[in-house]
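Below is one structure, written out as structure tokens; the observations come after it.
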Amino acid sequence: MQRRRRDVTGRADLIRATRGRARLVAVGAAIAAVLAGCGGAPAAEPAAGPESESAPASQVPVQGGSPAQRELLRSILGGMRSTSISRVEIEPARPEWKPFEEGSVQIALAAGREDEQRAYWEELLVAGAFRDRSAEANVPPVVAVEAGRFGSSRIGPGDGIRLDPAATGAPTVREGIADELAEAAAGHGAEIEEIEVLQPYGQAFAVTVRVDDPARFLLERFGEMLDGFFWDQELDGGYVLVRDAGGDFVLEAFYATRISAGGHRVRPDLEGCNPIPHSRPALSQPPPCPEP
């Protein structure tokens, strides 16, 4: 997908758009390719999907580290506008992450709802931005992240994708991503419920859509709608939540570019329609996709 480039306003934007309908198209292979091997979280309840418990990012407590590190983290959180993250702490890096430079740190985050992939995605965005901005600010390196119930992971130094600040834009990339997402959703029979553009460092998007025909949408239009948006190397990350016409959960997927992480889950009765390749237990078969 060839997309327009526009200047960025430097703030998080929220838009709402209405549904458009178009001819059905074959599902694009792009999202399958980028999320293959990322792994999906087990399909879990509630069937209605996650409900955000967000608070103004400026209210999130930041503990530990030096004044410069805390100020840097608060700046990153400010770009999230509102967030499910409830606490952030800078800690000395544990020996298990060696080798690392003396004085290296890790970042521990907690969210109001640990079962939400949206919250986990936000934690990964903040951790990746903190690692890269710490390197540029000449403060101690960030080598690991501890994110809620998902545990700890090494994220540096040198792990993941180091996005070029000149390319990602802090704040220089584009403001048109919200318009582009709205156009893509409308062109693939999805109703926009909400679009958010966040700026932890560069930009990231979160989009929620509703569809009348979830099985057909997953099989034929989901990948095409997000082709050119998911795993975009110019963005810090992306998150998509799909609901059916009644508001029940269908699918959610996310990626965080800076630390090369992603995942998804789908409603159990729609697992047979899942457009995202992922591993499953040997000999297990998903239920057949319901007839569209």
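Every number here is computed from the coordinates shown, using simple stated rules; none is lab data. What you see is a predicted model, and the numbers here were worked out from it, not measured in a lab. When we count neighbours, we look across all protein chains shown, and the Cβ atoms used for this are built from the backbone with ideal geometry, even at glycine.
The string of couplings for region 196-210 from the Karplus curve (6.51, -1.76, 1.60, θ = phi - 60°) is 10, 10, 9, 9, x, 8, x, 10, 9, 10, 9, 10, 10, 10, 10 Hz, one whole number per residue in order, with x for Gly and Pro. Our estimate of slack between residue 87 and residue 58, defined as 0.36 nm per intervening residue step minus the Cα-Cα distance, is 9.3 nm. Highest mean first, the peptides 124-130, 199-205 sorted by other C-beta atoms within 10 Å per residue fall in the order 124-130, 199-205.
Between residue 87 and 110, the built amide H atoms are under 5 Å apart, and every one of these is 5 or more places off in sequence or on another chain. Residues 97, 231, 121, ranked from the fewest to the most other C-beta atoms within 10 Å, line up as 97, 231, 121.
Summary of packing: across the peptides 249-261, 179-191, the per-residue average of other C-beta atoms within 10 Å ranks them, highest first, as 249-261, 179-191. Given R₀ = 22 Å, what would the calculated FRET efficiency be for residue 97 paired with residue 135, taking r from the Cβ atoms and rounding to 0.05? Efficiency computed from Cβ-Cβ geometry: 0.85. In plain terms, the chain from residue 285 to residue 68 could stretch by 73.0 nm, reckoned as 0.36 nm per residue minus the Cα-Cα distance. Here the simple spin-label model places points 7 Å from the Cα toward Cβ, and for residue 183 and residue 233 these points are separated by 2.3 nm.
By the count of neighbouring beta-carbon atoms within 10 Å, fewest first, 89, 194, 123, 101 end up ordered 101, 194, 89, 123. Mean separation of Cα pairs under 8 Å and 6 or more residues apart, divided by the residue count, gives region 55-165 a relative contact order of 24 percent.
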